[in-house]
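**Q** Got a structure for you, written out below as structure tokens; questions coming shortly.
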Amino acid sequence: MRYRKLGRTNFEVSDIGVGAWGIGGKQWLGGTDDESLAALHRAIELGVNLIDTALAYGDGHSEQLVGQVVRECGRRVYVATKVPPKNRIWPARGAIGEVYPYDYIVRSAEESLHNLKIDTIDLLQLHVWSADWLAAGEWRRAFEDLKRSGKIRHAGISATEHDPDSALGIMETGLIDAVQVIYNIFDQSPDAHLLPLAQKLNIGILARVPLDEGALSGRFTEDIQFPPGDFRDWYFRGNRRREVVQHVAALQRDLGDGASIPDTALRFCLSHPAVSTVIPGMRTRRHVEQNTALSDAGPLPPETLALLKRHAWDRNYYM
Ligand SMILES: NC(=O)c1ccc[n+]([C@@H]2O[C@H](COP(=O)([O-])OP(=O)(O)OC[C@H]3O[C@@H](n4cnc5c(N)ncnc54)[C@H](OP(=O)(O)O)[C@@H]3O)[C@@H](O)[C@H]2O)c1
């Protein structure tokens, strides 16, 4: 496993981390807690030392599983979690006073600490962000007070889906240490401004949704079924399954039959030096073993990166 500095924090984080949305058990269905716990333990054994979770993932269930593993494992594992929007609307909508009032941010951090059963959150992120909120003072004061009281070490945000530029303003304030952003073969838009700015300002980057919610898993078909109520059943609704299959087939043709789509997708993220860690969702030991092995494979060759540029796909399935 290789490690990279998380921006200007003193954290040396594994360049493959774990995204813990799927293990929450409510939005992604079909896994079991025993399998998730085994996958998390295996990831840590293989050198992973950063896990990204959120209070909203299974209403605290993901945090509870992550906290259990972090306490049991006997190693230093960095925990990143998130404050959900008070109005529970994703992507961000409304005035900041309704979405992130001071008391609410503090209470939410305390609830996360309670679920995780740890003393300090390494990285607390606002789960949604709007560029319109920049001037407001409440989030700034809440982050500062949480740091002062020792409840969090660092603060960050999760950039709006497919709108990385919405994070540029808050990055310039110097008040956040990390941004997590959608970055994958289909959405390469952070290359334009966000990643260069992160390098310039030394802000940590968590590359999220690297497998496009499973579209880049290499096992997607036009008639793939998800359990009713599973987030993916909504995300890949209508003719989206067909669109995905067509785009992935074009990608496979360009890469060649032998190329692994998920391996290429994760190495794509590792290829950008601004990325501190890529956080695929993985609920099984098999996926953990396959994905962590890619750390040593490292960046893709420039000719593959040039080829992948042609596969950027401008769309927003979160709407
Ligand atoms: N707004 C936000 O802040 C936000 C939004 C979305 C996600 N996130 C964060 O980003 C993380 C990653 O995104 P995500 O989990 O939504 O989606 P993702 O990482 O793009 O895709 C996860 C899917 O890929 C599958 N997978 C993993 N490794 C694989 C491999 N080697 N081969 C084939 N399939 C593989 C997983 O299967 P299994 O689950 O069966 O292992 C799962 O179905 C989240 O867990 C969360 O921490 C944040």
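**Q** For region 143-168, give me each residue that is within 11 Å of the ligand (Cβ to nearest atom) and surrounded by 23 or more Cβ atoms within 10 Å (Cβ to Cβ).
**A** Listed by number, the residues that qualify are Gly156, Ile157, Ser158, Ala159.
**Q** Related question: For the structure I just gave you, tell me whether Val79 is among the β-branched types (Val, Ile, Thr), crowded, with 22+ Cβ neighbours inside 10 Å and in a helix (DSSP H, G or I).
**A** Values: among the β-branched types (Val, Ile, Thr): yes; crowded, with 22+ Cβ neighbours inside 10 Å: yes; in a helix (DSSP H, G or I): no.
No, not satisfied.
**Q** Among the candidates Arg241, Arg267, Arg253, Arg237, single out the residue that is touching an Asp or Glu at 6+ places or on another chain (Cβ under 8 Å), away from the ligand (no atom under 11 Å from the Cβ) and among the basic types (Lys, Arg). Spell out the reasoning first.
**A** Details: Arg267 fails: touching an Asp or Glu at 6+ places or on another chain (Cβ under 8 Å); Arg253 fails: touching an Asp or Glu at 6+ places or on another chain (Cβ under 8 Å); Arg237 fails: touching an Asp or Glu at 6+ places or on another chain (Cβ under 8 Å).
Exactly one residue qualifies, and that residue is Arg241.
**Q** Restricting attention to region 188-227, which residues are within 28 Å of Arg253 (Cβ to Cβ), hydrophobic (A, V, I, L, M, F, W, C) and more than 16 Å from the chain's Cα centre (by Cα)? Don't jump to the end; show me each part of the working.
**A** Start the filter on region 188-227 by keeping residues that are within 28 Å of Arg253 (Cβ to Cβ), which leaves 188-192, 195, 207-226.
Then keep just the ones that are hydrophobic (A, V, I, L, M, F, W, C); that gives 192, 195, 207, 209, 211, 215-216, 220, 224, 226.
Listed by number, the residues that qualify are Ala192, Phe220, Ile224, Phe226.
**Q** Then there's this: Going by what's in this entry, would Arg286 be described as among the charged types (D, E, K, R), within 21 Å of Leu46 (Cα to Cα) and not in a strand (DSSP E or B)? It would help to see each step written out before you state the result.
**A** Working: among the charged types (D, E, K, R): yes; within 21 Å of Leu46 (Cα to Cα): yes; not in a strand (DSSP E or B): yes.
Answer is yes for this residue.
**Q** Here's a follow-up. Using the structure shown, decide if Ala155 is assigned to a strand (DSSP E or B), more than 17 Å from Val209 (Cβ to Cβ) and at pLDDT 95 or above.
**A** Values: assigned to a strand (DSSP E or B): yes; more than 17 Å from Val209 (Cβ to Cβ): yes; at pLDDT 95 or above: yes.
Answer is yes for this residue.
**Q** Quick one: in region 289-302, of everything that is on the phi < 0 side of the Ramachandran plot and either of a type in the set (S, T, N, Q) or part of a loop (DSSP other than H, G, I, E, B) (or both), which residue is farthest from the ligand (Cβ to nearest atom)?
**A** Keep residues of region 289-302 that are on the phi < 0 side of the Ramachandran plot, which gives 289-297, 299-302.
Retained after the next criterion (residues that are either of a type in the set (S, T, N, Q) or part of a loop (DSSP other than H, G, I, E, B) (or both)): 290-293, 295, 299-301.
On the way: Gln290: 4, Asn291: 5, Thr292: 10, Ala293: 10, Ser295: 13, Pro299: 18, Leu300: 16, Pro301: 20 Å.
Taking the candidates together, the pick is Pro301.
**Q** For region 303-314, check the following and say yes or no: at least one residue is within 15 Å of the ligand (Cβ to nearest atom), among the small types (Gly, Ala, Ser) and more than 16 Å from Leu216 (Cα to Cα). Before the answer, list the steps.
**A** In the first step, residues of region 303-314 are kept if they are within 15 Å of the ligand (Cβ to nearest atom); the result is 313.
Subset that is among the small types (Gly, Ala, Ser): none.
No, there is no match, as no residue in region 303-314 is within 15 Å of the ligand (Cβ to nearest atom), among the small types (Gly, Ala, Ser) and more than 16 Å from Leu216 (Cα to Cα).
**Q** All but one of (1) aliphatic (A, V, I, L, M); (2) out of contact with any helix residue (DSSP H, G or I) (no Cβ under 8 Å at 6 or more places or on another chain); (3) under 17 Å from Glu110 (Cα atoms) hold for Leu50; state the number of the condition that does not hold.
**A** Leu50 satisfies every listed condition except (3).
**Q** Inspect all residues belonging to region 52-63 and state whether any of them is touching a strand residue (DSSP E or B) at 6+ places or on another chain (Cβ under 7 Å), of a type in the set (Phe, Trp, Tyr), crowded, with 21+ Cβ neighbours inside 10 Å and part of a loop (DSSP other than H, G, I, E, B).
**A** Looking for residues that are touching a strand residue (DSSP E or B) at 6+ places or on another chain (Cβ under 7 Å), of a type in the set (Phe, Trp, Tyr), crowded, with 21+ Cβ neighbours inside 10 Å and part of a loop (DSSP other than H, G, I, E, B), one finds none in region 52-63, hence no.
**Q** From Gly218, Gly214, grab the single residue that is at pLDDT below 95 and closer than 24 Å to Leu305 by Cβ. Break it down stepwise before answering.
**A** Details: Gly214 fails: at pLDDT below 95.
Residue meeting the stated conditions: Gly218.
**Q** Tell me which residues, restricted to region 223-277, are in contact with a Pro (Cβ under 9 Å, 6 or more places away or on another chain) and of a type in the set (S, T, N, Q).
**A** Scanning region 223-277 gives a single hit, Ser271.
**Q** So how many residues does region 41-51 have that are in a loop (DSSP other than H, G, I, E, B) and crowded, with 20+ Cβ neighbours inside 10 Å?
**A** 2
**Q** What number of residues in region 202-219 are out of contact with any Gly (no Cβ under 9 Å at 6 or more places or on another chain), of a type in the set (D, E, K, R) and crowded, with 16+ Cβ neighbours inside 10 Å?
**A** Final tally of qualifying residues: 1.
**Q** Could you figure out which of (1) hydroxyl-bearing (Ser, Thr, Tyr); (2) touching a Pro at 6+ places or on another chain (Cβ under 6 Å); (3) more than 10 Å from the ligand (Cβ to nearest atom) isn't true of Ser217?
**A** (3)
Here's the yes/no breakdown for (1) in contact (Cβ under 8 Å) with a residue 12 or more places away in the chain; (2) more than 12 Å from the ligand (Cβ to nearest atom); (3) surrounded by 22 or more Cβ atoms within 10 Å (Cβ to Cβ):
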site	(1), (2), (3)
Ile170	yes, yes, yes
Pro190	yes, yes, yes
Leu195	yes, yes, yes
Lys200	no, yes, no
Thr221	yes, yes, no
Gly258	no, yes, no
Val278	yes, no, yes
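**Q** Still on this structure, I have one more. Go through region 173-185 residue by residue and tally those that are surrounded by 23 or more Cβ atoms within 10 Å (Cβ to Cβ) and over 22 Å from Asn49 (Cα atoms).
**A** 1
The values are calculated or read from the model by the stated rules, or taken from the named source; none is laboratory data. For clarity, every value in this text was computed on a predicted model and none was experimentally measured. Ideal geometry is used to build each Cβ from the backbone, glycine not excepted, and the neighbour counts take in all protein chains shown.
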